[in-house]
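Read the structure below first, then the notes.
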Amino acid sequence: MSHTDDWFNKRLRRQHGTFTGSHDELDALIEWKKDWLLKRKGADMQREFTIQLRVDFADEEKLPHLQKTLKQCARHALATARLISDNPKATQIVAYSDDFYSGHQEIAIMEDDIQTGLDQVGAPSEVDEVSSELMAAVTNG
């Protein structure tokens, strides 16, 4: 009997008291319970990965380049994890930096790219009123 079977046997006895069936029936019950528990446990399994990078530099101008690289890595890892995950909505990622002087700072992985594009072309971010053409299309259409 393996260590895993022994563990399941003890757990089964704790849950159900003394088993009065044959050894074959007990083995079948242990296998059934083991498979059920492993499937249940596997469905709820989570894995957390950690990557830490420690860099020494005196020039603060290098920091944005490094943050850009870390954002790209984090977005790539998040996209890959969501593609292969059984529950993509539960997949999460966080990036942050720490130093002695400024402390803990979270790094925004996903910026508002649409607003950034609107700002670059000088378009207004809020539409104050609906155009007459749009209103006519909605009411007559």
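Scanning region 21-35 for residues being surrounded by fewer than 16 Cβ atoms within 10 Å (Cβ to Cβ) and part of a helix (DSSP H, G or I) gives a total of 9.
Table: residues versus (1) part of a strand (DSSP E or B); (2) closer than 15 Å to Gln46 by Cβ.
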| site | (1), (2) |
| --- | --- |
| Arg75 | no, no |
| Asp86 | no, yes |
| Asp98 | yes, no |
| Gln105 | yes, no |
| Met110 | no, no |
| Gln115 | no, no |
| Asp119 | no, no |
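Inspect region 66-84 for any residue being surrounded by 11 or more Cβ atoms within 10 Å (Cβ to Cβ) and in contact with a Pro (Cβ under 7 Å, 6 or more places away or on another chain) and give the result as yes or no. Checked region 66-84: at least one residue is surrounded by 11 or more Cβ atoms within 10 Å (Cβ to Cβ) and in contact with a Pro (Cβ under 7 Å, 6 or more places away or on another chain).
Bear in mind these aren't lab numbers, they're just calculated from the coordinates by the rules spelled out. Note that the structure is predicted; figures quoted are calculated from it, not measured. Every residue, glycine among them, receives a Cβ derived from its backbone with ideal geometry; neighbour counts consider all protein chains shown.
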